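Take a look at the structure below.
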Amino acid sequence: MDPELGRLSLHAADEGKAIETGFAHATPFDIGGGAYDRRTSLEKWLPDFVIAGEPPVWQIGVSKIDGTATDDPLQGGPVVTTMREAVRRWNDLATEGSRGIITVLDNASYVEKLNGARRILLPKGSCLAIVAAAWPVSEEGGGVKRRPRGQLSPMHRRPVLLGPMVIDAADAGQERAGSLVIDGLVIGDTISARPGGDLGALRLYNCTTGPTGPELKRGIICTGGNTRLSLVLDRCITAKVNLPHATGTIEVTRSIIGEDLTADTGGTGATIMVLRVPQMDMTIAGTTLIGRAACRTIRAENSILTGIVKAEYRLTGCVRFCYVKAGSVLPRRYRCVPLVDDDPEPRPVFVSTRFQVQGFGQLNLCTQVSHVR
């Protein structure tokens, strides 16, 4: 192997065999799709799927590793080789109140489109999780190998879905709507809900959404219907979030939301609308918004809001220990910067605003704040 030029020399006996390569991508801390330990996020959603006294959750694995795929439950199945096939099987069996987990077992790149006939169907009251994790195998003697349903090891996995994802949630009337959880994936295109659908909740943990090649341009979009939708983003990196009709809550924690600024100038992208949720009540903590935002109400703490943020109702909520752009329309503030009369106005400086740079969204040490309000 030539480590400088990236060349491989193979023995003649290896001709025709698949070659698998891997790499590590550095980040300032555990955020976005990554191979770090994600057990704390698993504890937030898995209890909704593995319920004592209820039938075991439906589960299927996805892996491109040779010799892994099988439908035999006595040999570690079911495991399929594509995301589309896993989604097809869920769509075929999902009914009202169904619970299912699609477990991506490797670090492969899946060039697939989960739309059209392979869009994700969510009947009313159903919940589906797509998670990057190992699915442990239990040896039972006699050559029997089983994968216990509901058991996951969410670490050392960072699969990539290079295609759009469309969620088609059925109308639930006044009953509980369907929900989707995504944990630990990189999704290289848009996540969207079918216009006119009735998606109840979308929860993303440890995900990166929207990278198209070297740039971060796509995000989470729902342009019609799905008015009851609530959104959770925890340790995520995503481009634009556009939910103009949703009326639920949005919780953003330890995340970065913003379009990639291809000119690596440390700028703030203050003119770009990156978070448009005008009818949602937003809670945001430990998060950086690289761009503008609009919401119904806001509660924010320990966050950097580089663009103008406008909350329609200001008698509810509070913004504390944050950087907020001058001109923002917000509820009362506590120990925030800048001051109204700051001249010049202080502003955050980032190591980089380019997605592919390891310091993307990381505050530069040259940023100094001498006083707060």
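The values are calculated or read from the model by the stated rules, or taken from the named source; none is laboratory data. Predicted, not measured: the structure shown is a model, and the values here were computed from it. All Cβ positions, even for glycine, are placed from backbone atoms using ideal geometry, and neighbour counts span all protein chains on display. SASA here: full protein model, heavy atoms, side chains in, ligands and nucleic acids out. Shrake-Rupley method; radii C 1.70, N 1.55, O 1.52, S 1.80 Å.
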Please report Rg over Rh for segment 177-250, where both radii come from the alpha carbon positions and Rh follows the Kirkwood definition. 0.96
Amide H to amide H, which residues 5 or more places from His156 or on other chains are under 5 Å from it, using H placed in the peptide plane? Tyr36
Using only the heavy atoms of the protein chains and a 1.4 Å probe, how would Arg88, Arg99, Arg38, Arg7 rank by accessible area, largest first? Arg7, Arg88, Arg99, Arg38
Counting other Cβ atoms within 10 Å of each Cβ, which GluC sites (Glu not before Pro) in segment 80-122 have at most 15 and sit in a DSSP loop? Glu96
Expressed as cubic angstrom per residue, what is the convex hull volume of the alpha carbon set of the chain? 161 Å³
Considering only C-alpha atoms, what is the centroid distance from segment 156-233 to segment 1-69, in Å? 21 Å
Near Lys145, which lysines are there with a Cα under 23 Å away, not counting those fewer than 8 places off in the same chain? Lys64
Rank these by accessible area, largest first, 1.4 Å probe: Met282, Met1. Met1, Met282
Grab the beta carbon distance between Glu345 and Arg314, set R0 = 30 Å, and tell me the FRET efficiency rounded to 0.05. 0.90
To check you understand DSSP bridge types, tell me what percent of the beta bridges within the chain (both residues inside) are antiparallel, rounded to 5. 10 percent
What is the spin-label model distance, in nm, from Phe29 to Glu175 if the labels are put 7 Å beyond Cα along the C-beta direction? 4.2 nm
So how exposed is Val80, as accessible area in Å² (1.4 Å probe, rounded to 10)? 10 Å²
Mind checking which lysines have their Cα closer than 27 Å to the Cα of Lys240? Skip sequence neighbours fewer than 8 apart in that chain. Lys44, Lys113, Lys217, Lys310, Lys325
Can you give the Kirkwood hydrodynamic radius of segment 1-62 from its Cα pairs, in Å with one decimal? 17.0 Å
Please turn the phi angles of segment 251-259 into ³J(HN,Hα) values with the Karplus equation 6.51 cos²θ - 1.76 cosθ + 1.60 (θ = phi - 60°), one per residue in order, whole Hz, x for glycine and proline. 10, 10, 10, 6, 10, 10, 10, x, 6
Please give the solvent-accessible surface of Thr223 in Å², to the nearest 10, using a probe radius of 1.4 Å with every protein chain present. 80 Å²
